[in-house]
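Notes follow the structure.
Please treat every number below as a calculation from the coordinates, not as lab data. Being a predicted model, the structure only gives us computed values, none of them experimental. Positions of Cβ are generated from backbone atoms using ideal geometry, with glycine treated the same way; all protein chains shown enter the neighbour counts.
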Amino acid sequence: MKVKEAMRKNVIKVSPSTSLKALFDMFSDFHSFPLLPVVDSDNIIVGMVNSENLLDILRPGQTKMFRNLPFVDIKEEAFDLEYSPSLGQLIIVDDIMDRVYDSVEESNSLIEAYRIMNDLEKNRLAVVDSQKKLVGILGIFDVIKAMFKQKGIV
């Protein structure tokens, strides 16, 4: 079985210019933040956003990023930072996304994809075509479901 047969094709994606506020608005009804591909105007992946990227904004090591910004009052603890409401519009996806990311091609076998996920200790991977355009997302549940389906269990 190929990745393209098990992947989810309806993928939520954003552009590098999406604001932090818009990003949170998109996921206000989700119980967890998904792996979020960042694509250019040609639908080619240029990065990824995950919950760790969002938490990095609040972590102590990241306060250096805010030291010279007039709308942030730096205090000792990261969770004590005072933010201006305008920060939600000022931080964009391009500021926080990972530019190095993992993906799998839609033509890979599901077994290959599972091995890649296992080796990388990832639960989700972006799926790309031969031109590196985003075509889907493959999650571990998609792999498990496909395996059960292939064996006639579900």
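At-a-glance table
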{"item": "Alpha-carbon centroids, the range 1-44 and the range 81-147: separation in whole Å", "result": "9"}
{"item": "Net charge over other residues, Cβ less than 12 angstrom from the Cβ of SER15 (K, R count +1; D, E count -1)", "result": "-2"}
{"item": "Net lengthening on full extension, LYS13/ILE140 (0.36 nm per residue, minus Cα-Cα)", "result": "43.8 nm"}
{"item": "Exceeding the 21 Å Cα-Cα cut-off - candidates LYS21/LYS133; LYS13/LYS145; LYS13/LYS151; LYS9/LYS145", "result": "LYS21/LYS133; LYS13/LYS145; LYS13/LYS151"}
{"item": "At R0 = 35 Å, FRET efficiency that the Cβ-Cβ distance of SER107 and ILE153 yields, to 0.05", "result": "0.85"}
{"item": "Surrounding net charge for ARG115, when Lys and Arg each add one and Asp and Glu each subtract one, Cβ distance under 14 Å", "result": "-4"}
{"item": "Order of VAL128, VAL135 - criterion: other Cβ atoms within 10 Å of each residue's Cβ, fewest first", "result": "VAL135, VAL128"}
